[in-house]
Amino acid sequence: MTTGLDGTPTGTDPGAGPPPDVALRLYESMVLIRRVEERLRDDSAAGKLPGAVHLYIGEEAVAAGVCAHLDARDYATSTHRGHGHFVAKGGDVRAMMAEIWAKREGICRGMGGSMHVADVTKGILGANGIVGAGLSIATGAAFGAKLDGDGKVSVCFFGDGASNQGVLMETLNVSTLWQLPVIFVCENNGFSEFTPSSQVTAGRIADRARAFSMPVAEVDGNDVTDVWRAAGEAIRRAREGGGPTFIEARTYRIQGHFEFEAVVLSGGKYREQEEIEAWRRSDPIARFRSRLVSSGTAAAADLDRIDAEALDRVADAVAYAEAGEPADPELAETLMFAPEPAEFGQQERGV
Ligand SMILES: Cc1ncc(C[n+]2csc(CCOP(=O)(O)OP(=O)(O)O)c2C)c(N)n1
């Protein structure tokens with residue numbers, strides 16, 4: 001529920017859910033992300049991937065619920081756990097997979113890998129290995145959007161760990177002051193790497209935004225309807241010139257911080273198996289699926305078809321990535337620096 005500064009509801013109808021066509025798209029988006037991540041989990045375990053992957057399994061409702069309100073002209077910034085945001089924002093799954101496999105066909109020509117998937121043509125301003133870096137990028141993009149004056153918005157996905165970075169205070173401040181069309185989406189999954197939030201995070205994360213007089217929504221991040229509703233209100237307000245909103249989505253990551261974390265932990269543990277199992281019972285996809293079926297919004301067979309299509313798309317993307325050419329190491333030098341503006345035009349035209 002969205003609340004104003006005094007904690008009173010700001011007018012969202014708590015009963016209003018997505019219309020059936022949107023509900024099916026939300027389901028489709030979550031399932032596609034899940035199948036991508038499961039395949040990456042398996043390929044990582046099989047030693048097929050060239051680098052580490054941070055998986056989003058269990059958190060899909062946040063990306064899906066927010067991005068359902070965005071189109072390609074809107075901006076989104078992401079984190080090291082960024083595949084879900086890329087997919088939900090409409091990124092090309094084949095090109096993302098090829099990127100993760102470090103192939104020339106990758107969306108960044110194989111030079112960025114899992115933690116840097118980006119497609120500026122779709123407003124996907126990039127996953128980012130620097131915790132909290134997306135905050136300033138998204139706020140800058142929102143400043144540009146405000147200057148353009150055409151109703152674009154900018155969304156920043158970040159973790160609870162990033163909420164302790166100083167840049168959050170700077171971006172909350174300036175975005176409120178200048179009433180920028182930015183939506184801060186904190187994915188509070190309870191951990192920063194192997195450290196529980198309770199050990200490093202003082203106070204309530206959403207209170208950081210309240211201190212700047214920003215509207216706040218605290219939502220169940222495993223309930224895609226809840227996320228969708230709060231994001232819809234925030235994005236509508238931003239498009240209409242009403243300034244920023246802060247959404248804190250409580251969720252949980254089912255996989256480790258990254259695949260192979262067991263190697264780093266060497267026998268140690270930072271959470272109990274029972275806790276993981278409890279959150280599995282609150283799986284966002286299973287919850288939404290049973291609601292869709294019990295409400296008569298969709299037949300189980302329709303959802304099964306969506307599941308099968310997602311599996312096919314992922315298999316196709318992996319086959320494309322596997323068949324690709326290895327990234328060209330020489331590009332590491334030429335792509336390191338942005339070309340001079342004049343040169344840039346020529347490069348873009350292939351001169
Ligand atoms: C500026 C910076 N500090 C530290 C790190 C190391 N690091 C990588 S991921 C991570 C935890 C991030 O936690 P959170 O923001 O909650 O995201 P989550 O992994 O839970 O999705 C840390 C500390 C980093 N990449 N960048």
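Between the residues THR297, GLY134, PHE158, the greatest Cα displacement towards the positive end of the dipole of the chain, with unit charges on the Cβ of Lys, Arg, Asp and Glu, is found for THR297. Placing unit charges on the Cβ atoms only, positive for Lys and Arg and negative for Asp and Glu, gives the chain a dipole magnitude near 520 debye about its Cα centre. Placing unit charges on the Cβ atoms only, positive for Lys and Arg and negative for Asp and Glu, gives region 239-294 a dipole magnitude near 280 debye about its Cα centre. In terms of accessible area, using a 1.4 Å probe and ignoring ligands and nucleic acids, TYR270, TYR320 rank largest first as TYR320, TYR270. Counting only aspartates and glutamates at least 8 places from LYS269 when in the same chain, those with an alpha carbon closer than 16 Å to its own are GLU193, GLU259, GLU261, GLU277. Database remark: amide H of VAL155 closer than 5 angstrom to the amide H of TYR75, ALA76, THR77, ILE183 (H placed geometrically; neighbours at sequence offset of 5 or more, or on other chains; Pro and chain starts carry no H).
Taking the charge dipole of the chain about its Cα centre, with +1 at Lys and Arg Cβ atoms and -1 at Asp and Glu Cβ atoms, the residue from ILE107, ALA317, SER78 reaching farthest to the positive side is SER78.
Computed over the chain with a Gaussian network model linking Cα atoms closer than 10 Å, the most mobile of GLU275, GLU59, GLU259 is GLU275.
Which of these, ASP92, ASP148, ASP316, has the largest mean-square fluctuation under a Gaussian network model of the chain (Cα springs below 10 Å)? The residue with the greatest mean-square fluctuation here is ASP148.
Please identify, among PRO341, PRO284, PRO18, the residue showing maximal mean-square fluctuation in a Gaussian network model of the chain using a 10 angstrom Cα cutoff. Taking springs between Cα atoms under 10 Å, the residue moving most is PRO341.
With the helix formula -39500 (n - 2.57) applied to DSSP H stretches of n ≥ 4, the chain reaches a computed 222 nm mean residue ellipticity of -14000 deg cm²/dmol.
The length gained on full extension between TYR270 and ALA323, counted as 0.36 nm times the residue separation minus their Cα-Cα distance, comes to 15.2 nm.
Solvent-accessible surface (1.4 Å probe) assigned to THR245 amounts to roughly 0 Å². For LYS152, a cut-off of 22 angstrom between C-alpha atoms picks up these lysines, skipping any fewer than 8 places away in its own chain: LYS89, LYS122.
At an R0 of 25 angstrom, the distance between the Cβ atoms of ALA45 and ILE130 translates into a FRET efficiency of 0.40.
Given their separation in residues at 0.36 nm each and the Cα-Cα distance between them, GLU261 and SER198 gain 20.6 nm when the chain is fully extended.
The values are calculated or read from the model by the stated rules, or taken from the named source; none is laboratory data. The shown structure was predicted, so the numbers you read here are calculated from the model rather than taken from an experiment. Here Cβ is always computed from backbone atoms with ideal geometry, including for glycine, and neighbour counts include all displayed protein chains. Areas reflect the complete protein model, heavy atoms only, side chains present, ligands, DNA and RNA absent. Shrake-Rupley method; radii C 1.70, N 1.55, O 1.52, S 1.80 Å.
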